[in-house]
Every structure is written in structure tokens, then in C-alpha cells.
């Protein structure tokens, strides 16, 4: 499991090269968070990746909040869900706005929000997401396009 966490963290760092959290720190924090959790044991490798993706999202969100609060100084980070989303996240505030948008999306479409979390924070590919969520390839692709478009619009404030 630890080796898989390292692979997932490396995937997150490829998506977010300027992150406040190093790959090693992300792995250790996620490992610690998973070890402390009182939840059920992962039922499969894909289930483990799902849980790890959620943990990594929380770690990155907490790092952005700490940074925003001024406890650790200033600075920016750069995160994108995909080059085609068209809305780079370039500050801690933007990262927190993305997280809030994902939470709002989860209220409207839990499956789409989970798909984004799995793909972005978990590094899962479409076939892994299909197996984990029990949906077809076309549904994964359609949900991914819809979620990206909705998140881009939400981040730009088009729904306010």
C-alpha cells in the first residue's frame, strides 16, 4: 500500500508541480491519515486508491488553508484539473475555491465529484474509475467533460 501511495502522490505532483506539499510529505501524511482512520479496511486496490485520493485532497486543502491563514508565509501554487479546463488555480484561495466547488458539485452530482477526485487526486484512469464506480466508459467520459465544464464555470463565477 505504501508503494501505491508513493505512485499516487507522484501523480498528484505531476498535476501540481508547485504544490506546497512535497511528494514525500504527501505520502507520509496520507499514510498517517489512513493508519489513524477508524473506517473499514480497503476491499480492493481500487477502493484503497479511492480512500487515498480523498486523504490527499484533504491534505492539500489543509495545506492551502494553513498557507492562507498566514501561519506559514505567503506564496502561490498552480493546480489545473486538465489543460482544457481553461481555469488554472494559481493561489491558495483558488485551491480552496476549487475544493468548495467540488463540494457543491458533490451535492448536485456525487458521482461526478467522486470521478474528479479519483482522477485528479487519485490518478486513476478511466478503466479503473469504471470498475470502482460501476459505470461504463462513455459515462466516465461524459461525466468528466460535464464536471470539468461545470467546475470551470463555477470557479469563474458564472453561476453567481
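The values are calculated or read from the model by the stated rules, or taken from the named source; none is laboratory data. Here the structure is a predicted model, which is why all the values come from computation and not from measurement. Neighbour counts run over all protein chains shown; Cβ positions are idealised from the backbone, glycine included.
Does residue 73 qualify as being at pLDDT below 80, on the phi > 0 side of the Ramachandran plot, part of a loop (DSSP other than H, G, I, E, B) and surrounded by fewer than 18 Cβ atoms within 10 Å (Cβ to Cβ)? Break it down into steps so the answer makes sense when it comes.
Numbers: at pLDDT below 80: yes; on the phi > 0 side of the Ramachandran plot: yes; part of a loop (DSSP other than H, G, I, E, B): yes; surrounded by fewer than 18 Cβ atoms within 10 Å (Cβ to Cβ): yes.
Here the answer is yes, as residue 73 does meet what is asked.
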Sort out which residues of region 45-66 are without any contact (Cβ under 8 Å) to a residue 60 or more places away in the chain and more than 17 Å from residue 9 (Cβ to Cβ), and write them in order of number. 65, 66
Would you be able to tell me the number of residues in region 97-135 that are loosely packed, with under 15 Cβ neighbours inside 10 Å and at positive phi? 1
Screening 49, 13 for residues that are at pLDDT below 80 and surrounded by 14 or more Cβ atoms within 10 Å (Cβ to Cβ) leaves only 13
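Matching residues to (1) under 25 Å from residue 157 (Cα atoms); (2) modelled with pLDDT of 75 or more; (3) crowded, with 18+ Cβ neighbours inside 10 Å:
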{"residue": "30", "(1), (2), (3)": "no, yes, yes"}
{"residue": "40", "(1), (2), (3)": "no, no, no"}
{"residue": "56", "(1), (2), (3)": "no, yes, yes"}
{"residue": "79", "(1), (2), (3)": "yes, no, yes"}
{"residue": "95", "(1), (2), (3)": "yes, no, yes"}
Extreme residue, modelled with the lowest pLDDT, among residues of region 58-70 that are surrounded by 17 or more Cβ atoms within 10 Å (Cβ to Cβ) and over 25 Å from residue 132 (Cβ atoms): 67
Residues of region 123-160 satisfying the condition of being touching a residue at least 60 places away in the same chain (Cβ under 8 Å) and over 21 Å from residue 97 (Cβ atoms): 123, 124, 128, 131, 132
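In region 137-157, which residues are assigned to a helix (DSSP H, G or I) and either touching a strand residue (DSSP E or B) at 6+ places or on another chain (Cβ under 9 Å) or on the phi > 0 side of the Ramachandran plot (or both)?
Going residue by residue through region 137-157, those that are assigned to a helix (DSSP H, G or I) are 137-156.
Listed by number, the list holds a single entry, 155.
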